[in-house]
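*Asks:* Take a look at this one; I'll ask things after.
The values are calculated or read from the model by the stated rules, or taken from the named source; none is laboratory data. As the structure is a prediction and not an experimental result, all values here were calculated from the model. The protein model used for the area step is the full one, side chains on, heavy atoms only, and it has no ligands, DNA or RNA in it. Shrake-Rupley method; radii C 1.70, N 1.55, O 1.52, S 1.80 Å.
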Amino acid sequence: MSKAPSEIQRAPITPESRESEPRHEQTLTAPGAPSPASRTAPARTGTPVPAKRRDAYFDNVKYLAIVLVAVAHAWEPVMDGSRTTRALYMVVYTFHMPAFILVSGYFSRSFDMSPAKVKRLVTGVVVPYVLFETAYSLFKRYAGGDATDITLLDPLFLTWFLIALFIWRVTTPLWQSLRHPLPVALVIAMLASVTPGITDDLDLQRVCQLLPFFVLGLLMKPEHFQLVRRREVRLLSLPLFAGALAFAYWAAPHMRLGWFYRSNSAQEMDFQWWTGPVMTLAMFGCALLLTVAFLAWVPRRHMWFTVLGAGTICGYLLHGFLVKGAGYYGLFDRYEWLSGPAGLVAVSVVAAAAVTLLCSPPVRRALRFATEPDMNWAFRRNPAKR
């Protein structure tokens with residue numbers, strides 16, 4: 001199977017306390033809805049205990065990032081022949097998945113293979129992966145007319161992130177026990193970039209090449225995000241983004257997009273082997289700078305879209321059906337004007353509006369059976385005591 005570009009992200013909510021996490025540890029979204037400050041939960045003694053509040057900043061990060069994911073996916077069919085669109089696509093693809101993965105690692109710091117955490121991992125990551133991998137395979141078979149076999153070993157389209165998150169999170173105790181985990185993760189990423197023998201199974205190329213961002217997230221602390229949001233960082237991010245756009249516009253006709261997808265080795269893209277480690281380090285540095293610039297401009301306060309941060313997993317998993325469905329229907333071939341400037345604007349607006357609706361609370365509630373399943377029947381009630 002060819003390795004198509006794809007994305008995602010879910011994450012638990014509060015940065016300071018692991019005890020305040022929702023029922024599922026996820027990367028794009030936290031299953032629990034935002035709790036108003038006035039809401040209380042009765043304790044056993046009868047004394048009201050304030051309910052845990054969601055962190056508006058991280059909900060804003062997740063929503064804005066998922067909008068970038070959906071818009072970038074919508075650009076793919078219309079960017080051929082447009083140097084400007086390709087440059088914008090390259091800039092967005094440089095940092096939007098690294099940003100998701102970094103935040104995912106930050107909220108995975110407490111993962112310790114305890115029974116409760118393992119249950120969250122299964123219900124919040126493994127079950128959605130199985131269901132949506134099957135759903136996308138069937139959709140491709142019946143809507144796309146491609147006799148695709150259902151397989152859980154070769155992630156289809158955007159489901160790769162769920163299996164990657166599973167692998168990264170399971171190995172969290174290992175990274176936390178190492179003295180220098182980030183250099184080790186970078187070495188693994190560089191070695192993967194020169195190893196064409198890595199197959200499509202579980203999308204291990206992406207798992208290895210994007211691993212440093214997850215490990216970096218594990219190393220981050222709340223004060224690091226406070227530094228990122230300083231006024232000086234926001235001001236410096238403006239010329240940084242301008243320079244990135246200018247460079248991308250210059251490089252657009254020459255640079256292979258495979259470097260951004262991180263799903264192939266250097267040899268598979270017809271480059272010399274030594275370009276793999278060089279580009280791995282270069283892309284890591286560029287992605288980190290643009291991620292910091294993106295995080296610096298995310299609003300800290302509660303916005304109209306903050307509530308949508310709790311449903312980004314739905315937006316992520318569902319918007320792929322719209323993008324793929326448009327391709328199967330031949331929408332972009334029938335309406336060539338979509339490849340022009342007006343079409344680019346229209347496609348961007350429609351993609352942003354669609355993913356916004358898909359992140360809304362009603363959609364999230366309707367999809368809870370797949371993204372937040374209640375599987376108490378499958379687990380022992382008190383495994384530690386037993």
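*Asks:* Specify the angular offset, from 0 to 90 degrees and rounded to the nearest 10, of the alpha carbon long axis of helix 181-192 from the longest principal axis of the alpha carbons in the chain.
*Replies:* Here the helix axis deviates by roughly 40 degrees.
*Asks:* So what is the calculated 222 nm ellipticity per residue for the chain, using -39500 (n - 2.57) for each DSSP H run with n of 4 or more, over all residues, to the nearest 500 deg cm²/dmol?
*Replies:* So the calculated ellipticity at 222 nm is -17500 deg cm²/dmol.
*Asks:* While we're looking at this one, here's another question. Give the ranking of 86, 381 by solvent-accessible surface, highest area first, calculated with a 1.4 Å probe.
*Replies:* Ranking 86, 381 by accessible area, largest first, yields 381, 86.
*Asks:* Please give the solvent-accessible surface of residue 198 in Å², to the nearest 10, using a probe radius of 1.4 Å with every protein chain present.
*Replies:* About 40 Å², ignoring ligands and nucleic acids.
*Asks:* Under 1.5 on a/c is rounded, so check that first for the range 185-285, then, if it is not, pick prolate when a/b is larger than b/c and oblate when it is not; a ≥ b ≥ c are the square roots of the alpha carbon gyration tensor eigenvalues. Intermediate results must be reported in sequence, preceding the final value.
*Replies:* Numbers: a/c = 2.93, a/b = 1.39, b/c = 2.11.
Oblate.
*Asks:* Measure nothing fancy, just the Cα-based angle from helix 341-358's long axis to the longest principal axis of the chain, in degrees from 0 to 90, nearest 10.
*Replies:* In the chain, helix 341-358 runs at an angle near 20 degrees to the longest axis.
*Asks:* Ignoring ligands, DNA and RNA, what percent of the accessible area of the chain is carbon or sulfur (1.4 Å)?
*Replies:* The computed percentage sits at 65.
*Asks:* For the chain, what does the accessible surface come to per residue with a 1.4 Å probe? Please give it in Å².
*Replies:* Dividing the accessible area of the chain by its residue count gives 46 Å².
*Asks:* Given springs between every Cα pair under 10 Å in a Gaussian network model of the chain, which of 164, 242, 192 has the largest fluctuation?
*Replies:* Result for the chain, Cα springs under 10 Å: 242 fluctuates most.
*Asks:* Can you pull the three principal axis extents for the Cα set of the range 102-194, in Å, largest first?
*Replies:* 51, 38, 19
*Asks:* For the chain, set up a GNM with springs between Cα atoms under 10 Å and report which of 137, 177, 110 has the largest fluctuation.
*Replies:* The residue with the greatest mean-square fluctuation here is 177.
*Asks:* From the phi angles alone, apply the Karplus equation (6.51, -1.76, 1.60; θ = phi - 60°) to the range 109-117 and give each ³J(HN,Hα) in whole Hz, x where the residue is Gly or Pro.
*Replies:* 4, 8, 5, 9, 6, 5, x, 5, 6
*Asks:* Here's a follow-up. Give the distance, in whole Å, between the Cα centre of the range 205-228 and the Cα centre of the range 143-202.
*Replies:* Distance between centres, Cα-based: 16 Å.
*Asks:* Only Cα pairs within less than 10 Å get springs; with that Gaussian network setup on the chain, which residue of 312, 123, 171 has the largest fluctuation?
*Replies:* Per the Cα network of the chain with a 10 Å cutoff, 171 tops the list.
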